[in-house]
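Undergrad: Below are the structure tokens for one structure; questions will follow.
The numbers here are math on the coordinates, done by the rules we state, and not lab data. Note that the structure is predicted; figures quoted are calculated from it, not measured. Quick reminder, even Gly has a Cβ in these numbers, built from the backbone with ideal geometry, and neighbours come from all protein chains shown.
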Amino acid sequence: MVTTVFKQPYSLQVELPQARQATIVEEKKLVASIDKSGAMELNRQLVSMAKLPALLAREKETTRSLTLIIRTDKKTRHGLVLEVMEIAKRLDVDKVVLATEEEKEL
């Protein structure tokens, strides 16, 4: 599994889990955010699970990206993350990474 530190303002507020090691992703990517209530957005566009495949396909074509970054709240239902990953896999997204926050040193 690959994680990344991602620093951009988003309309959905999620509390990312922390990780000791992270890879910084530089190029334009597909970014899905899921909050603890299950609300979701893709590249800052609110979307339902039913409409996610069509929007993801369109955004994949627009960005020409084969990487999907999934930002989730610590309390987001695991099943939602798996559904998003399965949709990405069906659409031939090559890499799916989970965003985390850099762990603070004590």
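Undergrad: Would you please give the FRET efficiency between residue 77 and residue 104, computed as 1/(1 + (r/R0)^6) with r the Cβ-Cβ distance and R0 = 30 Å, to the nearest 0.05?
TA: Numbers: r = 26 Å, r/R0 = 0.87.
Computed FRET efficiency for residue 77 and residue 104 comes out at 0.70.
Undergrad: Could I ask something else about it? Could you pull out every residue, at least 5 positions away or on a different chain, whose amide H is within less than 5 Å of the one on residue 71? Hs are placed 1.01 Å off N in the peptide plane, and Pro or chain starts have none.
TA: 32, 33, 34, 99
Undergrad: Oh, and also: Which whole-Hz couplings ³J(HN,Hα) result when phi for each residue of region 71-86 is put into the Karplus expression 6.51 cos²θ - 1.76 cosθ + 1.60, θ = phi - 60°, listed in order with x for Gly and Pro?
TA: 9, 10, 6, 4, 9, 5, 4, 4, x, 5, 4, 5, 4, 5, 5, 5
Undergrad: Anything over 22 Å Cα to Cα? Flag those among 51/74; 28/95; 29/51; 60/89, in the order listed.
TA: Working: 51/74 24 Å; 28/95 13 Å; 29/51 19 Å; 60/89 12 Å.
Check vs 22 Å cut-off fails for 51/74.
Undergrad: Sequence neighbours fewer than 8 away in the same chain don't count; with that in mind, list the aspartates and glutamates whose C-alpha is under 17 Å from residue 104.
TA: Candidates past the 8-residue exclusion: 15.
Undergrad: Check residue 18: other-chain or 5+ apart residues with amide H under 5 Å from its amide H, H built from backbone geometry?
TA: 101
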